[in-house]
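I am attaching a structure below and will ask some questions about it afterwards.
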Amino acid sequence: MSLTTAEMRKAWKSYEAAPSKMEHTSFGGVSCLVAPESKETWQALDAILAAHGYQVRAGDTGTYADRDIAGTSLKSLHAYGVALDLNWDTNPVNYKPKSPVRFSAKATQAERAQDVRSGVADTDMTRQMIDDILAIRTNAGIRPLEWGNWKTKIDTMHFEIDASPADLAAGINWATVRKDGVVQPAVGLVEMAGASIEPPPVVWTDAFLRAHALIEKWEGTFSDNPNDPGGATNFGITQATLAAWRGHPVSVDDVRNLTRDEARRIFYARYWRPMRLDDLPYPAALMTYNCCVNSGLQRGGIFLQRALNRQGAGLIEDGSVGARTISAADTAAQVRLVADFSALYGDFYRGLSTWPVFGKGWMSRLNEVTAAAKAAAGAAVAPLSLSGSFDIAGPAAASTPTSPTIVTKEEPPMTAIDVALGGKYLLGKKTLIAGAAFAALMVLHKTSLLTIDDKTYDMVVQLIATYGGLSALSKVERTNTANDVG
């Protein structure tokens, strides 16, 4: 171990017997509480369980428990949310080991479990599975997990974090995580005599840069509004988040002097990467990222899962984005997913006590993010101010002329699109009609007054979007024609 149990207790002291500070993560669909900084490590473990097809049982699997180590008065690491007992009925403790761990050679988990019950094996896991778990590394080259193969006992059910929160801040090197049965060689990591060289600089993914450009615009720069429960904030990073990132208390001035580059690193390490957003389709990733940044990781994950469940995904809504959530997102209808996520988030906003103060800004942000996500999903939509029951018009950035101008209103010329879409009687009204139709569709669908299948729903959304897009195009053509004539 790189850290003793006593050192681990000290490093994770703030989470001792504090489940309210912990977050849910999933192991094979079983939701468990863990210390937040350890969440990505546990997600890497879950990815390996999935790659090996290992089934996890809810009845004999768990993480957090406020208990002492057996036979002592010292707290178990389970009390800090940094230890996991996995399928303990078929991964028992052997307090008098006489030899190395005995692995079954049987092909299936059920057959290996029978060998455990017959006393010829110590675990229903395979040696390759354990090797893959212990091969996980952080981007700084640290092995973050330990398995219960001790000198004094063999505790095959037990996995625990073997690193401090600061050690895990570098993030998991996902190239060392077995996915789909294959472990890729580590990128940028050179080991020699147990030491590792400094890892390469962070390389942002295109998806992160694309999404963060929009989020950063809305997060803004320094503010310290007394009505904002987040307190002092800069580039969207709160004082509490900055303190956790740096590993010590920070002042309001520290927040004020935060650089854009450090803020971006925090967003990538604490929001984007732990939620595995590079593994999601971009529209789903953008909606989830916006929610995580504005309202917390767990809520972003829950809204994603809840939106997917509206398409029949059958996910546990624990906020942990694992293999099953990613698979459901890959096959989901993205336009509907974006619309449902947006509606869920809008309803959440309305229930907050600070809605009268911040509601208008929140909804303007949500509208713009939703429009960008729909466009990425292939919906031919121009950003519409009327975008469903959750819409509140945002502040308009209109320019004011330096002196008043008298304009004689003339009948606007019609384009071929105008003629095809209703003629002069609908001139100037088509965008409003498209917006109203989309809003009505969402309300009817949300209240179950309109019951149609997913394919039909998406087709109607696309038709409305196309109508609105053509309307916007005809307006541009009319403007260009008027400018040419003038």
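The values are calculated or read from the model by the stated rules, or taken from the named source; none is laboratory data. None of the values given here were measured: they were computed from a predicted structure. All Cβ positions, even for glycine, are placed from backbone atoms using ideal geometry, and neighbour counts span all protein chains on display. Note: areas computed on protein heavy atoms with side chains; ligands, DNA, RNA excluded. Shrake-Rupley method; radii C 1.70, N 1.55, O 1.52, S 1.80 Å.
How many nm is it between the label spots at Thr205 and Val357, if each spot is 7 Å from the Cα in line with the beta carbon?
About 3.6 nm separates the two model spin labels.
Here's a follow-up. Which FRET efficiency value, to the nearest 0.05, do you get for Glu7 and Phe222 by plugging their Cβ-Cβ distance into 1/(1 + (r/R0)^6) with R0 = 25 Å?
0.10
If one computes P(r) from the Cα atoms of the range 55-184, what percent of pairs lie at distances over 21 Å?
46 percent
Once you charge only the Cβ atoms, +1 for Lys and Arg and -1 for Asp and Glu, what is the size of the charge dipole of the range 14-141 about its Cα centre, to the nearest 20 debye?
About 340 debye.
Let me ask something additional. Need the full-extension length gain, Arg350 to Ala240, defined as separation in residues times 0.36 nm minus the C-alpha distance. One decimal, nm.
Length gained between Arg350 and Ala240: 37.1 nm.
A follow-up question, please. Please go through the residue pairs Lys10/Lys39; Lys106/Lys153; Lys39/Lys96; Lys106/Lys151; Lys217/Lys374; Lys75/Lys96 and name each one whose alpha carbons sit more than 30 Å apart in this structure.
Long pairs (Cα-Cα over 30 Å): Lys39/Lys96.
Moving on. So between Arg102 and Ser73, what do we pick up on full extension, going 0.36 nm a residue minus the alpha carbon distance?
Full-extension gain reported as 7.3 nm.
Mind checking the per residue accessible area of the range 29-78 for me, 1.4 Å probe, whole number of Å²?
Ligands and nucleic acids excluded, the figure is 35 Å² per residue.
Follow-up. Mind checking which of Leu280, Ser364, Leu344 is farthest towards the positive end of the range 256-366's charge dipole, using Cβ charges of +1 (Lys, Arg) and -1 (Asp, Glu) about the Cα centre?
Going by the Cα projections, it comes out as Ser364.
Now for a different question. Expressed in nm to one decimal, what extension gain is obtained for the pair Asp66 and Glu111 from 0.36 nm per residue of sequence separation less their Cα-Cα distance?
Residue separation times 0.36 nm, minus the Cα-Cα distance, leaves 12.8 nm.
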